[in-house]
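The values are calculated or read from the model by the stated rules, or taken from the named source; none is laboratory data. Note that the coordinates shown come from a computational prediction; the quantities given were computed from them, not determined experimentally. We place every Cβ from the backbone using ideal geometry, glycine too, and count neighbours over all the protein chains shown. Please note that ligands, DNA and RNA were not included when accessible areas were found on the heavy atoms of the full protein model with its side chains. Shrake-Rupley method; radii C 1.70, N 1.55, O 1.52, S 1.80 Å.
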Amino acid sequence: MAKQADKNATEDGQEKPAKSRKKLFILVGIGLLALLLSAGGVAYFLLSGDDEEAAEQEPAEPVKQVALYQALEPPFVVNYTDSGRQRYMQVSVVLMGRNAEGMAKLNQHLPLIRNQLVMLFGSEEFSTLMSPEGKEALREKASLAVKALLEKEVGDPVIESVLFTNMVLQ
């Protein structure tokens, strides 16, 4: 009987440490799993919060539309009298806008635009056109004149600017 008691004691001693180790591993595993899940949740909320803020900031910035160009063909040819000599200016003009609908409406008024530009170009002094500042001033005047004309006819300036793609003075 003493031998059986010793056997039971040794078996119970071996089983108790094994059972307590299993419980320890299970508790540690559950603790690690809980820690990982909470860390994952915190990371998700932090990262998703940044995306929302970035998404909110993007629409606040105006998105620039693609530029659309309308060439006025044929080039304008204007004659001047400067110091008793005949002078000529040939200029190729392109209208730049960003609204496709407005640029389509612009095509209906091309004869009016051409007339406005011919009158503007003919009213300039040839000597002022020889300098880069004079050419830039003429381009700005042309932009304002076309915008004003389109504002009157269409109700919207439509174009952003008038561009000179080629200019010959002789």
Rounded percent of accessible protein surface that carbon and sulfur make up, region 100-170, 1.4 Å probe: 54
Local electrostatic count, L150, Cβ distance below 14 Å [Lys/Arg +1, Asp/Glu -1]: 0
Net charge, S127 excluded, C-beta distance under 14 Å - Lys, Arg +1, Asp, Glu -1: -1
Burial ranking of peptide ranges 136-147, 81-92 (average Cβ count within 10 Å, highest at the top): 136-147, 81-92
Protection proxy ranking of 99-111, 25-37 - average other beta-carbon atoms within 10 Å, highest first: 99-111, 25-37
